[in-house]
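What follows is a set of notes on a single structure, which appears directly below.
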Amino acid sequence: MTRRHLSVPAALLLISAACSHQPDVKDVPIGAEVQVTRDDGALVEGTLAEKNDIAVKVDTGPIVRAVPISRIADVRLASMSVPEVPPKATFREVRVPTGTPISMRMLSNVGSDSSHAEDVVHAELTRPVVVEGMAVIPAGATVRGVVTQATPAGRVKGRASVGVQFNTLVSGTDRYTIDARVARMAAASTSTDAKAIGIPAAGGAIIGAIIGGKKGAAIGATAGAGGGTAVVLTTPGRPVAIARGAVVTSQLEQPIEVRVSLR
């Protein structure tokens, strides 16, 4: 939090705070550096940006937080040095922004030929989630999600694919709703198919005719293409999987608010 030189009224309030320990928020000037503690123990630190009879707004740097007057348990002017944690404060709220990377180790197997949509998937963080150099969620926190896609490979066309959406993150007793996604698609097998058919990749008129629905042309072309054609037309492509123990990387699609303990 950026520190500024206190104005004369703020300095007087600081002296007053040393005696009373809790200045009235109505007397704190706009622009003063404050520590506002809510009745649930949340500490909001920053610059007092706005106040009225309903709420105060504190600019914390990343965002401006509003605190209802009715929920203020303690107000203190921040020290010019490293501020002490007010006795009533037990945690600080931190916003983890969109795009924050998360690294997870899979605790479930997901496969294009074995999984189904809505199957539950479990994972754990391999590294802490860091915001402005501070670890706000520890490694080992559990993550839960569901399979959103499990498509086996088709014959001739259609590569296998799987997708997972992680929607819940649990750290200690805190549970957060998240949106982080992982997807995999099998590698293309076009060149392998061409070899099985026994023709160069550029001569794919046989497969092209079948895909296009030209049944007569397909039958005539297949008859003269060799036995390898039947192998390709009746054999599905390669499956794809995200195995248990695999480390995957994703990022948050939406910001989340997390609690960071002060004790």
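Using +1 on the beta carbon of Lys and Arg, -1 on that of Asp and Glu, and nothing else charged, what's the dipole of segment 17-140 about the Cα centre, debye to 20? Don't jump to the answer; show the numbers that get you there.
On the way: 12 positive and 17 negative charges, 42 e Å.
Dipole magnitude for segment 17-140 comes out near 200 debye.
Determine the gain in length on full extension of the stretch E253-S114; use 0.36 nm per residue of separation and subtract their C-alpha separation, reporting nm with one decimal.
Details: separation 139, 0.36 × 139 = 50.04 nm, distance 2.72 nm.
Gain on stretching E253 to S114: 47.3 nm.
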task = Count charges around R144 for me, please; just the other residues with Cβ under 13 Å from its Cβ, Lys/Arg as +1, Asp/Glu as -1.
result = -3
In order through segment 37-42: 3J(HN,Hα) via Karplus (6.51 cos²θ - 1.76 cosθ + 1.60), integer Hz, x for Gly, Pro = 10, 7, 5, 9, x, 6
message = Quick query: amide H of D179 versus all other amide H atoms, modeled in the peptide plane; which residues come in under 5 Å with a sequence gap of 5 or more or a different chain?
response = E253, Q254
request  = Determine the gain in length on full extension of the stretch R127-A183; use 0.36 nm per residue of separation and subtract their C-alpha separation, reporting nm with one decimal.
outcome  = 18.1 nm
remark   = Phi angles of segment 100-109, converted by Karplus (6.51 cos²θ - 1.76 cosθ + 1.60, θ = phi - 60°) into ³J(HN,Hα) in whole Hz with x for Gly and Pro, give 5, x, 9, 10, 10, 9, 5, 10, 10, 8
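Bear in mind these aren't lab numbers, they're just calculated from the coordinates by the rules spelled out. Remember, predicted model here, so these are calculated numbers, not experimental data. No Cβ is skipped: glycine too gets one built from the backbone with ideal geometry, and neighbour counts run over all protein chains shown.
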